[in-house]
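See structure below.
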Amino acid sequence: MQLTLAGRVDVADAPAPAERPKLRLVPALPEPPKLYDVSRRISRSDPRRVAESFARGVAEVMARCRPVDQLRELASWEVVRIIERAATRQRRDPRRAALHPRLRSVHLAAPCDGVVEACAVVDGGRRTHAMAFRLERYENTWRATVVQLG
């Protein structure tokens, strides 16, 4: 390799570049495991699963373990307002804050097509509560349209 007066390198005298390895095809990686199994999501077409999910959500809102905004997909606007007002009227007991309510049972009845009336019993630790609500079918989902808390 020689330098010329202009500071250029004479290409003819430059060493050959190192030869790159040839690329080869490799088999595709296996599909990574799914972190969230979609099949385990709540089926919005099954009224029992929606009723259980709604009852558990209402119980947790009343115990102040869950924000009421998380019920907006399962209930109408009026029902969310009723639950929100009932939760704010409830006294805040620091001893009860550590207790998470457990759903004891949910009973369903279908008075007509597209309507399910349900009642649920919730164990709140020191007391047992009951609630009744009505689910109505909209397109392919169920939504709570009426609720009574006890």
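Structure above, values below:
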| quantity | calculated |
| --- | --- |
| Filter result (modelled with pLDDT under 90 and open to solvent by 40 Å² or more (accessible area, probe 1.4 Å)) within segment 112-124 | Cys112, Asp113 |
| Filter result for Arg127 (touching a helix residue (DSSP H, G or I) at 6+ places or on another chain (Cβ under 9 Å) and open to solvent by 50 Å² or more (accessible area, probe 1.4 Å)) | no |
| Filtered residue count, segment 42-65, keeping only those that are within 21 Å of Gln90 (Cβ to Cβ), open to solvent by 70 Å² or more (accessible area, probe 1.4 Å) and not in a helix (DSSP H, G or I) | 1 |
| Check on Ala86, touching a Ser or Thr at 6+ places or on another chain (Cβ under 8 Å) and surrounded by 15 or more Cβ atoms within 10 Å (Cβ to Cβ) | no |
| Single condition Glu139 does not satisfy, out of (1) modelled with pLDDT under 85; (2) over 22 Å from the mean Cα position of the chain (by Cα) | (2) |
| Flag for Leu135 being in contact (Cβ under 8 Å) with a residue 24 or more places away in the chain, under 12 Å from Ala51 (Cα atoms) and surrounded by fewer than 16 Cβ atoms within 10 Å (Cβ to Cβ) | no |
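The values are calculated or read from the model by the stated rules, or taken from the named source; none is laboratory data. What you are looking at is a predicted structure, and each value in this text was computed from that prediction instead of being measured. Cβ sites come from the backbone with ideal geometry, for glycine too, and all protein chains shown count toward neighbours. These area figures cover heavy atoms from the full protein model, side chains too; ligands, DNA and RNA do not enter into them. Shrake-Rupley method; radii C 1.70, N 1.55, O 1.52, S 1.80 Å.
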